[in-house]
Amino acid sequence: MESITMESITMESSTMESSTMESSTMESSTMEQLTMELSNIELTISEPSEINAENLHNALLIMPYFRNHAAASGAVHNVSNHETAVEHVFRQHGFAEDKTKLTKNKVNQALAHNIEVISRNTFKSQPCGSHESPDFLVNMNGRMFGFECKSTTKKVSKPLYNSGSVKRNLIYIFTNEIENATTLYLGCDIITHEQEKIIAELIQKQRELQSEYNKKLLDLDTNNRGISYYTRPMIGQSGKSEKTNYFTHGDRKKCEDNVLKFLMTYE
């Protein structure tokens, strides 16, 4: 019979401890590697894919005509108006809809200072309500953009701005029925900062004059009917087609290229 000595017991115990430590080290190493792999997977999932600005720009440019309130083209199925057609293009190019509730001030601040008030590579439809610009607030690759949709019928080759004026920091998507085409431009390529200041000054003076004359109307209101006057700014464009036709204008290509540069500068 083999004799068992204290030395052999100690050696066996030491071997078992060593084996246990190696196993524990391997398990720990495996867990660390697995944790790193899971971390990488999670990072990959949480980071949205980059949107290709040039592809989006080109897709918007090749859009056919859509009316503001009813379908006028069979090019996109189940599309009821221009804004819906533009939304369809956004979705096709990797944007998801963000339904975060926003205020007009928040939207203005987001566009002025590039504050990401919606998730990256998403769009928010009518962020300031249906009667305020822009029609879409878009976060593309971490940069905030405002898009405004304009659509006119056969004989109107210039968009209508009315009291909303032209917003210098917005991207305009303009389509016309007779052209059956779309053009893109920045508001700053239509109205200068100096013109903007002149219009604001004029509106202020008209408001002051309006207040003065409404007081006179009130003093003469012998019928007790509350007759008053309201000045509504109407921003238009005057002149021949070389000034007002957005599709034949000499700067059309330049304006479209400026939109692409604007989008790609922050890509």
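The values are calculated or read from the model by the stated rules, or taken from the named source; none is laboratory data. The shown structure was predicted, so the numbers you read here are calculated from the model rather than taken from an experiment. All Cβ positions, even for glycine, are placed from backbone atoms using ideal geometry, and neighbour counts span all protein chains on display.
Scan the range 229-243 and tell me whether some residue there is out of contact with any Lys or Arg (no Cβ under 8 Å at 6 or more places or on another chain) and more than 28 Å from residue 154 (Cβ to Cβ). Yes, the range 229-243 contains at least one residue that is out of contact with any Lys or Arg (no Cβ under 8 Å at 6 or more places or on another chain) and more than 28 Å from residue 154 (Cβ to Cβ). So is residue 263 over 30 Å from residue 51 (Cα atoms) and either modelled with pLDDT of 95 or more or surrounded by fewer than 14 Cβ atoms within 10 Å (Cβ to Cβ) (or both) or not? No; evaluated as a whole, the condition is false for this residue.
Scanning the range 111-157 for residues that are of a type in the set (Val, Ile, Thr) and buried (at least 18 other Cβ atoms within 10 Å of the Cβ) turns up 117, 118, 122, 138, 152.
Being within 32 Å of the chain's Cα centre (by Cα) and basic (Lys, Arg) is the filter; apply it to the range 224-245 and report the residue that is surrounded by the most Cβ atoms within 10 Å (Cβ to Cβ). Among those that are within 32 Å of the chain's Cα centre (by Cα) and basic (Lys, Arg), it is 243.
Annotation note: Cβ proximity below 7 Å between a residue of the range 123-150 that is touching a residue at least 60 places away in the same chain (Cβ under 8 Å) and over 20 Å from residue 182 (Cβ atoms) and a residue that is in a loop (DSSP other than H, G, I, E, B) and among the hydrophobic types (A, V, I, L, M, F, W, C) (sequence gap 6+ or interchain) occurs for 141/51.
The set of residues in the range 123-142 that are among the polar types (S, T, N, Q) and more than 16 Å from residue 162 (Cβ to Cβ) comprises 125, 126, 139, 141.
Yes/no per residue for (1) under 16 Å from residue 254 (Cα atoms); (2) in contact (Cβ under 8 Å) with a residue 40 or more places away in the chain; (3) among the charged types (D, E, K, R):
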| site | (1), (2), (3) |
| --- | --- |
| 174 | yes, yes, no |
| 180 | no, yes, no |
| 188 | yes, no, no |
| 195 | no, no, no |
| 206 | no, no, no |
| 215 | no, no, yes |
| 220 | no, no, no |
| 226 | no, no, no |
